[in-house]
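This report refers to the structure that appears directly beneath it.
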Amino acid sequence: MIYTGGTIGMNRNPLTGALEPFDFEHLLSRVPELAQFKTEIATYQFSPPIDSSDMSPEFWVQLAGLINERYDDYDGFVILHGTDTMSFTASALSFMLQNLGKPVILTGSQLPIGQLRTDGKENLITSIEIAAARHQDGTPMVPEVSVYFNGHLMRGNRTTKQSADEFNAFESFNYPHLADAGVNITYHEEFIHQPDYRRRMIPQLKLDASVFIFSLFPGVREEMIRYLVTMPTLRAIVMRTYGSGNAPQAPWLISALKEASRHGKVVVNISQCLQGRVEMGRYDTGYQLQEAGVVSGYDGTVESAVTKLMYLQGRYDDSEIVRKFMKQSICGEITV
């Protein structure tokens, strides 16, 4: 169990009323139920704990490196993480831990674990139970990076934070749940990734974060987009478009996107809608983007597209190779 920080491990300052991190041992003392597990649980704490707003690719490399170092020692990993960037971290790890054959489950809470109505206890206890679950042949039930929250286990690179206030903070809008926990835990095995257990997990610890996200909106300014696409150090852009991948038909926008493609920048089209997929051939406005060299993001999330680009750019200098892999599913992040 790896504690990075987040609301689950916070305490309320009696003077200011603000939530502050506290020692991991105090967190464990609030969950005496952990002693009932037959599974041996080892713990690791980031020191100091990280607010998830401060999460970065450098911390993802640290996390992936830690899992790689301890990979042969444990049957699974549960990562306690703040909710704000949990989907980004889950997505990044899904690409960085290639041919993962063990559960890596991220969870947290909306209320600190010391509060009376906390959701943290159930999230933590069920995550550990799922991480320890095995088939009769000894292989893990869920050998992939996932997010567990509010009774649902979801593929990590398909999740998005949908609420800042409700306990059902996450959803995978374009992919079914991997498991649902009620009185019993029901695993939906047809949706769970099955690795090649003959191959070892290979970590990818180099990321290139020269990626930018921008959303289209009525009135978007030409000079801003021109400045963005000509930035010399920028390698990729995630463009959040309307509906099924549509954009304004302004000639300057298509010209700017063509210029970006000519200069080796990878532009990925992700819909602003939470549910659905990009279909650039559906309307003429989307078709023009395709003609300008924009790559479809299919039914992927923004979090997944950004971290996939960082992963691919860390491996390949050639933008054409990056474009090729952006059109393929590497670990179930898109449906092609």
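The values are calculated or read from the model by the stated rules, or taken from the named source; none is laboratory data. Because the structure is predicted, anything quoted here is derived from the model rather than measured. Cβ placement follows ideal geometry from the backbone for every residue including glycine, while neighbour counts extend to all protein chains displayed. In case anyone asks, the SASA skips ligands and DNA or RNA and just uses the protein heavy atoms, side chains included. Shrake-Rupley method; radii C 1.70, N 1.55, O 1.52, S 1.80 Å.
Structural remarks
- With a Förster radius of 45 Å applied to the C-beta separation of Asp284 and Ser163, the computed FRET efficiency comes to 0.80.
- Cα centroid separation, the range 229-268 to the range 89-129 (Å): 35 Å
- The apolar share of the surface of the range 197-290, taken as the fraction of accessible area on carbon and sulfur atoms (1.4 Å probe, ligands and nucleic acids excluded), comes to 56 percent.
- Accessible area (Å², per residue) of the chain, counting only protein heavy atoms and a probe of 1.4 Å: 45 Å²
- Counting only residues at least eight positions apart within a chain, or on another chain, the lysines with an alpha carbon under 29 Å from that of Lys265 are Lys161, Lys206, Lys308, Lys324, Lys327.
- In degrees, nearest ten, helix 57-69 long axis to first principal axis of the chain (Cα): 50 degrees
- Helix 302-315 and the long axis of the chain differ in direction by around 80°, with both axes built from C-alpha atoms.
- Dipole magnitude of the range 279-322, debye to nearest 20 (Cβ charges: Lys/Arg +1, Asp/Glu -1, about Cα centre): 140 debye
- On the range 16-170, 47 percent of the accessible area sits on carbon and sulfur atoms, based on a 1.4 Å probe.
- Spin-label pair Gln272-Arg134: with each label point 7 Å from Cα along the Cα-Cβ axis, the two points sit 5.0 nm from one another.
- Between the Cα long axis of helix 86-96 and the first principal axis of the chain there is an angle of about 80°, rounded to the nearest 10.
- Scaling against 2.2 N^0.38 Å puts the C-alpha radius of gyration of the range 108-182 at 1.14.
- Quick note on the chain: its Rg to Rh ratio, both from C-alpha atoms and Rh being the Kirkwood radius, is 0.99.
- Here the chain is treated with +1 on each Lys and Arg Cβ and -1 on each Asp and Glu Cβ, and its dipole about the Cα centre works out to around 800 debye.
- Estimated FRET transfer efficiency (Phe214, Arg262; beta-carbon r; R0 25 Å; 0.05): 0.85
- Principal axis analysis of the Cα atoms in the range 174-308 yields extents of 55, 33, 23 Å, listed in decreasing size.
- Each residue of the range 27-70 gets 98 Å³ once the volume of the Cα convex hull is shared out per residue.
- DSSP bridge orientation in the chain - percent antiparallel, rounded to nearest 5: 45 percent
- Stretched out straight at 0.36 nm per residue, the stretch from Ile330 to Gln98 would grow longer than its current Cα-Cα span by 82.6 nm.
- Distance histogram in 5 Å bins (all Cα pairs of the range 160-235, percent per bin): 3, 9, 10, 10, 12, 15, 15, 11, 8, 5, 2, 0
- Heavy atoms of Trp60: accessible area, 1.4 Å probe, square angstrom to 10: 20 Å²
- For the range 67-156, the mean projected area of the C-alpha convex hull, equal to one quarter of the hull surface, is 6.1 nm².
- Calculated mean residue ellipticity at 222 nm for the chain: -8000 deg cm²/dmol, from DSSP H runs with n ≥ 4 weighted as -39500 (n - 2.57), summed, divided by the residue count and rounded to 500.
- Taking only Cα atoms of the range 112-246, radius of gyration then Dmax in Å: 20.0, 61
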